[in-house]
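S.K.: Here it is: the structure, laid out below.
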Amino acid sequence: MSAATGAGGTVEIAPEVVDEVRERLAREPGGLTPHRVSEALRVAGRPVGDATVLAVYEALRRDVVGAGPLEPLLRLPGVTDVLVNGPDQVFVDRGEGLEVTGVRFPDDDGVRRLAQRLAAAGGRRLDDASPYADLRLADGTRFHAVLAPLARPGTAISLRVPSARVFTLAELVESGMVAPALGELLRGIVDARLAFLVSGGTGSGKTTHWLRHVYVRHWTPTGLRGARHEHQNTQEAAVRDPARPDLGRPRRRPERRRSGL
């Protein structure tokens, strides 16, 4: 159910009402406005009260702006990840592990539409012929998606939120994350403009803490500059190298990986 809160309280709107209005609006050119929503409801013989119009308008607006119903989760303080496993399972991580949220989608088509829109915003195709995507959005958010039925129980979306604060090397040493001797070594490597390799598990801070907060202050590392093209030719690569079935699959947190048939 979609909902909006106004002067008359919270109004629940059935998904089929939102779908009917969406279809009617799609038949005629024009922007999404409360007035057009009101007219579509009237033509469909639906209630046209202010609260109803607002609820339908907000539901449609979430479908076409930003991350849709996930937008409020992405704005939570300290959020690092927002994960979607089909329409009924949405999780958020604020640094203390995954938390179940109350966010729900009307159906898997709603998750699919959001995934396709976010992929398109990053310049990638996401459909039955290319059912997965792995890219970085304009704000730095890392986006991954796999469409159903490859993903079960429904279309899966993963959003890795970039850190809002940039720590200096001195702050990393002071906090105890980096030993003083290692800090001096890193400073020497960067000042000498030497090449070095950063490795680690998913979500361990390779980009956030090392490349972004230390290395990128001096020059743009190749790994970050080339991230846009990282999975550009994954399908062709998978065909050329059948021994690498992982090519083309979005990276995921360890607890979201599955294996088997």
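Computed from the coordinates by the stated procedures, all read-outs in this text should not be read as laboratory data. Keep in mind it's a predicted model, so treat the numbers as computed, not measured. FYI the Cβ positions are ideal-geometry reconstructions off the backbone, even for glycines, and counts take in every protein chain you see.
S.K.: At what distance in nm do the modelled label points of Ala26 and Ser163 sit from each other, each positioned 7 Å from its Cα along Cα→Cβ?
M.R.: Modelled inter-label distance: 4.2 nm.
S.K.: Same structure, new question: Can you give me the P(r) profile for region 59-128? Cα pairs, bins 10 angstrom wide beginning at 0, each as a whole percent.
M.R.: All Cα pairs considered, the percentages come to 20, 51, 28, 2.
S.K.: Next question. According to the square roots a ≥ b ≥ c of the eigenvalues of the Cα gyration tensor, what is the shape class of region 15-96, taking rounded for a/c under 1.5, prolate for a/b larger than b/c otherwise, and oblate for the remainder?
M.R.: Verdict is prolate for region 15-96.
S.K.: Between Asp19 and Glu184, what's the calculated FRET efficiency when r is the beta-carbon distance and R0 is 51 Å? Round to 0.05.
M.R.: The pair Asp19/Glu184 has a calculated efficiency of 0.25.
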